[in-house]
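These notes are about the structure you will find just below.
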Amino acid sequence: MKTLYTAKVTSERGRAGHAKSDDGIIDLPLSVPEDMGGDGGNGTNPEQFFGAAYSACFGGAVKAVADQHNVDIGEDFSVTAHISLGKTEEGDFQLAAELDTYLPKVTSIEVGEKIINEAHIMCPFSRATRDNIDVTLNLLLDE
């Protein structure tokens, strides 16, 4: 792999600690969600970080695929990631992701599905999670 960019983020004290990037842009407290027995606090958590990263990356892939096919998706498209943390039957922690891709300028379900399916092949986060976690793709169009 030819490295194009490397991000460096350090987290201290696990889920109830603090995360900071080397450039200082990320500088946030971490909190354990109430649903997981924590106090909820005023911080974010790994699932929210992952959702932000995955949705942004997938959105970039959606735009790139649309451009390759000369499909104008405009600037109002979005990807919402739902990241779930659960346990397997064996008791191991496991993630699942659901990506809702909203393409308001696309009127064809066939075109929209082609875009998100090809984006799922292109996106590095999708490639990293492939065959490791369940990922559900949802296409949202205006009626």
Can you list the helices (runs of 4 or more DSSP H) lying wholly within region 35-143 that have 3 or more residues being without any contact (Cβ under 8 Å) to a residue 60 or more places away in the chain and small (Gly, Ala, Ser)? 46-68
Any idea which of (1) open to solvent by less than 70 Å² (accessible area, probe 1.4 Å); (2) modelled with pLDDT under 95; (3) more than 20 Å from Val135 (Cα to Cα) is the one Ser108 doesn't satisfy? (2)
Report whether or not Lys2 is at pLDDT 95 or above, part of a loop (DSSP other than H, G, I, E, B) and among the basic types (Lys, Arg). yes
Any hit, region 112-123, residues being open to solvent by 80 Å² or more (accessible area, probe 1.4 Å) and more than 30 Å from Met1 (Cα to Cα): no
Could you identify the single residue in Gly60, Gly51 that is among the small types (Gly, Ala, Ser), within 30 Å of Leu140 (Cβ to Cβ), touching a strand residue (DSSP E or B) at 6+ places or on another chain (Cβ under 7 Å) and open to solvent by less than 70 Å² (accessible area, probe 1.4 Å)? Gly51
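Residue by residue, here is whether (1) more than 20 Å from the chain's Cα centre (by Cα); (2) under 20 Å from Thr129 (Cα atoms) holds:
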| residue | (1), (2) |
| --- | --- |
| Thr3 | yes, yes |
| Arg13 | yes, no |
| Ser31 | no, no |
| Asp39 | yes, no |
| Tyr54 | no, yes |
| Cys57 | no, yes |
| Val65 | no, yes |
| Asp72 | yes, no |
Considering only region 77-91, I want to know if a residue exists there that is surrounded by fewer than 21 Cβ atoms within 10 Å (Cβ to Cβ), touching a Cys at 6+ places or on another chain (Cβ under 7 Å) and either closer than 28 Å to Ile26 by Cβ or modelled with pLDDT under 95 (or both). no
Would you mind telling me which numbered condition in (1) of a type outside the set (Phe, Trp, Tyr); (2) at pLDDT below 95; (3) open to solvent by less than 70 Å² (accessible area, probe 1.4 Å) Asn42 fails? (3)
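The values are calculated or read from the model by the stated rules, or taken from the named source; none is laboratory data. On a predicted model such as this, the values are computed, not experimentally measured, just so you know. Counting neighbours? That spans all protein chains shown, and the Cβs are built from the backbone with ideal geometry, glycine included. Note: areas computed on protein heavy atoms with side chains; ligands, DNA, RNA excluded. Shrake-Rupley method; radii C 1.70, N 1.55, O 1.52, S 1.80 Å.
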